[in-house]
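All remarks here apply to the structure that follows.
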Amino acid sequence: MDEGGRTAARAIIDGNMYMVLATVGPDGAPWAAPVFYSTEDGRDLYWVSSPEVTHSRHIAHEPRVGIVIHDSRAPVGTAGPRALYISATATELDGEEALEGLRVIPGPAGRGGRALAPEEVNPPSPWRVYRARVIALSMICPRETGRPCAEHGLDYEHRRDVRL
């Protein structure tokens, strides 16, 4: 992957506030939820949720998750290159790992979140810190309408791997 792909992927991560988190329950039923996230390196994505909500219960059962981060305001037909597809392993954090998450949350100033104190995410509080550790990233390979992509010569929508 060229430097431009890394730059584009990081711009997507840094330019958005919500990711769509896809989980699966014990019965095999899928679930998708928008989640406000923070990150420093693009490899660990942190958020705060209740352990009682559906996606958190699913993560306790199956930590493998899918994530999409995209610009939902992109004009029709242009969202592909502005979306990042992520495979990750998610977990509820405690102890030092939760404190590391709180150091990253809410992210840069102006994102709308607020810093949290440890007592706000530890029992008996109803909130916990979660982390998705990225395993793989991909993006839709850019191409002009009606033309094959320059990288693969394919004239249909397909993904290319990204390394941060």
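The values are calculated or read from the model by the stated rules, or taken from the named source; none is laboratory data. Not measured: the values here are computed from a predicted model. Cβ placement follows ideal geometry from the backbone for every residue including glycine, while neighbour counts extend to all protein chains displayed. Ligands, DNA and RNA are stripped out before the accessible areas are found, and what is left, the full protein with its side chains, is counted by its heavy atoms. Shrake-Rupley method; radii C 1.70, N 1.55, O 1.52, S 1.80 Å.
To keep it simple, each residue is scored yes or no on (1) modelled with pLDDT under 95; (2) over 12 Å from the mean Cα position of the chain (by Cα); (3) exposed (fewer than 13 other Cβ atoms within 10 Å of the Cβ); (4) under 15 Å from ARG133 (Cβ atoms).
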residue: ASP2; (1), (2), (3), (4): yes, yes, yes, no
residue: ASN16; (1), (2), (3), (4): yes, no, no, no
residue: LEU21; (1), (2), (3), (4): no, no, no, yes
residue: GLY42; (1), (2), (3), (4): yes, no, no, yes
residue: SER49; (1), (2), (3), (4): no, yes, no, no
Flag for PRO124 being open to solvent by less than 90 Å² (accessible area, probe 1.4 Å), part of a loop (DSSP other than H, G, I, E, B), without any contact (Cβ under 8 Å) to a residue 60 or more places away in the chain and of a type outside the set (Phe, Trp, Tyr): no
Qualifying positions in region 127-164 - in contact with a Phe, Trp or Tyr (Cβ under 8 Å, 6 or more places away or on another chain) and either over 18 Å from GLU92 (Cα atoms) or assigned to a loop (DSSP other than H, G, I, E, B) (or both): LEU137, SER138, MET139, ARG159
Residue within region 67-84 that is within 22 Å of ARG6 (Cα to Cα), touching a Leu at 6+ places or on another chain (Cβ under 8 Å) and not β-branched (Val, Ile, Thr) present: yes
Any pair with Cβ under 8 angstrom, 6 or more apart, that starts in region 1-16 at a residue that is farther than 16 Å from ARG159 by Cα and ends at one that is modelled with pLDDT of 90 or more and among the small types (Gly, Ala, Ser): ARG10/GLY42; ILE13/GLY42; ASP14/GLY42
Residue among ALA109, ALA150 that is open to solvent by 100 Å² or more (accessible area, probe 1.4 Å), more than 22 Å from VAL35 (Cα to Cα) and among the small types (Gly, Ala, Ser): ALA150
Residue match in region 130-146 (condition: among the hydroxyl-bearing types (Ser, Thr, Tyr) and either open to solvent by less than 80 Å² (accessible area, probe 1.4 Å) or closer than 22 Å to VAL65 by Cα (or both)): yes
Check on TYR37, among the hydroxyl-bearing types (Ser, Thr, Tyr), crowded, with 17+ Cβ neighbours inside 10 Å and touching a Leu at 6+ places or on another chain (Cβ under 7 Å): yes
